[in-house]
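The values are calculated or read from the model by the stated rules, or taken from the named source; none is laboratory data. From a predicted model like this one, the values you see are computed outputs, not experimental measurements. Glycine also receives a Cβ, built like all others from the backbone with ideal geometry; neighbour counts cover every protein chain displayed. Note: accessible area is taken over every heavy atom of the protein model, side chains too, but ligands, DNA and RNA are not part of it. Shrake-Rupley method; radii C 1.70, N 1.55, O 1.52, S 1.80 Å.
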Amino acid sequence: MSEIFRPARPSELPEIIRLMTHSFPAPTRTMSWWEETLVGNPYGGRDPLWVGEDDGRLVAACQLYPREQWIGGSRMPVMGLGAVAIAPTHRRRGLAGRFVSAGLRRAQERGDVASALYPFRISFYERLGYGLAGEAHQYRVPPEALPDAPERAGVRLADSDVERAALRKVYDAWIRGQTGQMHRSTDAWDRVWESTDVSAVVYRGEKGEAEGYAIVRYRADLPSAERYLEVEERAWLTSAAQRGIYAWLSSLGDQWRELLYRAHPGEGFAEIVRDPRMPWGSAPGWGLWFPSATLLRGPMFRLLNLRAAWEMRSVAAADAMTLGLEVVDEQVPENGGSWRLRLEQGRVEVTSDARGSADTTLSLSIGALSRIFIGDLAPSAAVAAGVATAGRSDSLPLLDRLLYLPRPWTYDRF
Ligand SMILES: CC(C)(COP(=O)(O)OP(=O)(O)OC[C@H]1O[C@@H](n2cnc3c(N)ncnc32)[C@H](O)[C@@H]1OP(=O)(O)O)[C@@H](O)C(=O)NCCC(=O)NCCS
């Protein structure tokens, strides 16, 4: 066995597509669909195809997409891992683990400070240092369950270039205050508008400025009794825009019996929606309790360059402390060992010299640290869950406050 992991050569595309058709078979995925998917990279950047050979045969392929993710107001270069395919003759011998590990080091060397993905199985990627990093609450309610409001008059269809440009501007401003969303190029937006079943609206405030939007999918592909309106994305910069978007959705009840809406955990959607109750029989209740929403998870996140990522990470400016870290990282050993993080004046200074004193020290895996970094897990919650140990637990409430970020979520999929 002689394994080599390396960037793909352009001439290898047909062979990579053959590999992909074994790992992701579907009648609609033709050669040209795969070509477009693998070569067309709407987010731009360097060539992302990564392959593995065994004794000269191509047996592994995946995408190391160059992406940029917004985390606590900073735009970070992140590798989006996608389409990991191992030849059906080479499974269950650790090849995917070794292949992805080599891809992580490759991405770190090209300057990516972290990586994001959607897992086929959580435990597989946890072993490779990723941690869960995203949560959405999925509601199924009739449109009338949302409140109407006068701001509904400010909602217009985004079917012109002008309105779509305004929508994009809202997204670009909104992602700065969110955590986990991806920066989108013009090509990435073009891909959103390519979908024939997607529509969008923009909310314009009293002064005519775009302040919010919703992108929806008309699920007319389903049998008529099961059709619903799916809200793919929503974003707002003002509470008037939020009211306007909810009010617009509330007005669609004569056409759509049901809305599928994914709320951010911090959105307070259960307070806004009337009778937040899932359709009868769709999930088990608990005695007189009824199911209200489905908890969705999906995105995972991993630090690739601990020092560079933390030096880009904003922290609360109100206080200061020195955090010691004892990190285990099997795939990217440079991240392992002892670190000192000085959290002060809203930023982080990182040193690998562990001799100085620290207010507390966390001992943890790179996966747990990654979840803390992106705001999915507070340090005290990590200690309570047993995924980290703390030298002094009385410093944890301060550390929680310093590292607080809005819970992460990600709309883009790859
Ligand atoms: C998912 C996929 C990439 C895994 O590839 P793989 O090379 O079989 O994966 P690995 O061998 O590295 O790991 C799989 C499991 O086998 C185990 N394993 C490794 N060597 C083994 C061996 N000699 N004997 C038995 N099991 C072994 C690994 O420990 C791992 O289990 P764990 O995660 O529970 O610890 C492959 O099945 C595939 O291409 N599937 C279809 C496409 C897909 O779903 N891709 C992922 C979506 S992005």
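Among the residues of region 111-151, count how many are more than 16 Å from the ligand (Cβ to nearest atom), among the charged types (D, E, K, R) and over 18 Å from the mean Cα position of the chain (by Cα).
So the count comes out to 4.
From the set of residues in region 31-55 that are free of Cβ contacts under 8 Å to residues at least 24 places away in the same chain and under 13 Å from Glu15 (Cβ atoms), which is nearest to the ligand (Cβ to nearest atom)?
Here the residue is Trp34.
If I go through region 184-216 residue by residue, how many of them are modelled with pLDDT of 95 or more and crowded, with 18+ Cβ neighbours inside 10 Å?
So the count comes out to 13.
Which of the residues that make up region 102-132 are closer than 14 Å to Gly298 by Cα and either open to solvent by 50 Å² or more (accessible area, probe 1.4 Å) or not hydroxyl-bearing (Ser, Thr, Tyr) (or both)?
Ala116, Leu117, Tyr118, Pro119, Phe120, Arg121, Ile122, Ser123, Phe124, Glu126, Gly131, Leu132, listed by residue number.
To keep it simple, each residue is scored yes or no on (1) modelled with pLDDT of 95 or more; (2) hydroxyl-bearing (Ser, Thr, Tyr); (3) not in a strand (DSSP E or B).
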site	(1), (2), (3)
Trp34	no, no, yes
Arg46	no, no, yes
Leu58	yes, no, no
Trp70	yes, no, no
Arg105	yes, no, yes
Ser115	yes, yes, no
Ser123	yes, yes, yes
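Would it be correct to say that Ser282 is more than 29 Å from the chain's Cα centre (by Cα) and open to solvent by less than 60 Å² (accessible area, probe 1.4 Å)? Talk me through it step by step, then tell me what you get.
Values: more than 29 Å from the chain's Cα centre (by Cα): no; open to solvent by less than 60 Å² (accessible area, probe 1.4 Å): yes.
No: the conditions fail for Ser282.
Tell me, please, whether a residue that is at pLDDT 95 or above, acidic (Asp, Glu) and under 30 Å from Ala368 (Cα atoms) can be found in region 135-143. Quick ask: steps written out before the conclusion?
Here is the first cut: in region 135-143, the residues at pLDDT 95 or above are 135-143.
Within this subset, residues satisfying the condition of being acidic (Asp, Glu) are 135.
Right, trim to under 30 Å from Ala368 (Cα atoms) and you get 135.
Scanning region 135-143 turns up at least one residue that is at pLDDT 95 or above, acidic (Asp, Glu) and under 30 Å from Ala368 (Cα atoms).
Read through the list (1) touching a strand residue (DSSP E or B) at 6+ places or on another chain (Cβ under 6 Å); (2) outside any helix (DSSP H, G or I); (3) within 24 Å of Leu364 (Cα to Cα), then give the number of the only condition that Ser199 fails.
Status for Ser199: all satisfied but (3).
Quick one: in region 77-101, of everything that is more than 21 Å from Pro299 (Cα to Cα) and part of a helix (DSSP H, G or I), which residue is farthest from the ligand (Cβ to nearest atom)?
Thr89
Does region 388-403 include one or more residues that are buried (at least 18 other Cβ atoms within 10 Å of the Cβ) and part of a loop (DSSP other than H, G, I, E, B)?
To start, the set of residues in region 388-403 that are buried (at least 18 other Cβ atoms within 10 Å of the Cβ) comprises 388, 390, 395-396, 398-399, 402-403.
Okay, now just the ones that are also part of a loop (DSSP other than H, G, I, E, B), so none.
No, there is no match, as no residue in region 388-403 is buried (at least 18 other Cβ atoms within 10 Å of the Cβ) and part of a loop (DSSP other than H, G, I, E, B).
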